[in-house]
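Reviewing the structure listed below.
Throughout, read-outs are computed from the coordinates displayed, never taken from laboratory work. Just so it is clear, the model here is predicted, and its values are computed rather than measured. For neighbour counting, all protein chains shown are included, and Cβ atoms are generated from backbone atoms with ideal geometry for every residue, glycine included.
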Amino acid sequence: MRGLLIVDLQNDFCEGGALGVDGGNAVAEGVADFVASHAADYAVIMASRDWHDGDNDNGGHFAAAGKEPDFVTTWPLHCVANSAGAQYHPLVPMGSIDHHVKKGQGFPAYSLFEGTSDGGVKVADLLSGAGIDEVDIVGIATDHCVRATAMDARALGLRVRVLEDLVAAVQPETRKTAVAEMEQAGVSFEHSK
Ligand SMILES: [Zn+2]
């Protein structure tokens, strides 16, 4: 059985957001089209949101006041719980999503597998409960949260495909490293069409 994991398709990670990635809006558009025609291919569709505390630095994830973020381990303020930036991109196909996952409440969490559903269930348990043995991954960003999600999925023994036209990266250099790392771990990259 196959699942679709939609990673962090949130306003703050798209153009105009606090941590906007080039191509984010195009990914949202592509994912909306893809799900409209392929939802039936998936036993489970899950979407994650980065969902940080607003009153602390979330375990050093937010750059300290007055310090420049390094865009590797420290970041500008983003995806504060309940803020407009933390909401899903308006094109996210809400009606097709079976489980909404939140992660990063008070600590850095790149992988969707670090989150829990709104019902408080761990992602790995939701997937195994649904008999999922392979997942397709789309979303933002290839070099961070998509990478971490793909690596965790492989560590759980799932077959993993990243739909390469439905992801966007923060930086070309880190994208390259991340793709190499994922391929090394057995992740395959395929076009959605
Ligand atoms: Zn974050």
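A cut-off of 5 Å between modelled amide H atoms, ignoring neighbours fewer than 5 places along the same chain, links GLY54 with ALA81. Amide H contacts under 5 Å for THR116: LYS102, restricted to partners 5 or more places along the chain or on a different chain, H placed in the peptide plane at 1.01 Å from N. Neighbour counts of C-beta atoms inside 10 Å place HIS100, HIS78 in the sequence HIS100, HIS78, starting with the fewest. Amide H to amide H, with H built 1.01 Å from N, VAL167 comes under 5 Å of GLY139, counting only residues 5 or more places away or on other chains.
Simple point charges give the picture: +1 on the Cβ of Lys and Arg, -1 on the Cβ of Asp and Glu, and for the chain a dipole about the Cα centre of about 280 debye.
Dividing the helix sum by the residues of the chain, where each DSSP H run of 4 or more adds -39500 (n - 2.57), gives a mean residue ellipticity at 222 nm of -7000 deg cm²/dmol. For the stretch 35-193, the fraction of C-alpha pairs farther apart than 18 angstrom is 60 percent. Annotation: the residues ILE132, ILE6, sorted from fewest to most other C-beta atoms within 10 Å of their own C-beta, follow the order ILE132, ILE6. Ordering ALA40, TRP51, PRO108 by the projection of their Cα atoms onto the charge dipole of the chain, which places +1 on the Cβ of Lys and Arg and -1 on the Cβ of Asp and Glu, puts ALA40 at the extreme positive end.
Within the same chain, lysines fewer than 8 places from LYS103 are excluded, and of the rest, those with a Cα less than 24 Å from its Cα are LYS122.
Computed from point charges on the beta carbon alone (+1 for Lys and Arg, -1 for Asp and Glu), the dipole magnitude for the stretch 96-193 about its Cα centre is near 140 Debye.
Ranked by how many other Cβ atoms sit within 10 Å of their own Cβ, fewest first, the residues ASP98, ASP143 fall in the order ASP98, ASP143. Ordered from longest to shortest, the equivalent ellipsoid semi-axes for the stretch 28-104 are 31, 12, 11 Å, each the square root of 5 times a Cα gyration tensor eigenvalue. Cross-link reach is defined here as a Cα-Cα straight distance under 24 Å, omitting same-chain residues fewer than 8 places apart; for LYS193 the lysines meeting it are LYS176. Note down the relative contact order for the chain as a percent, whole number, built from C-alpha pairs under 8 angstrom at least six residues apart. Dividing the mean separation by the residue count of the chain yields 26 percent.
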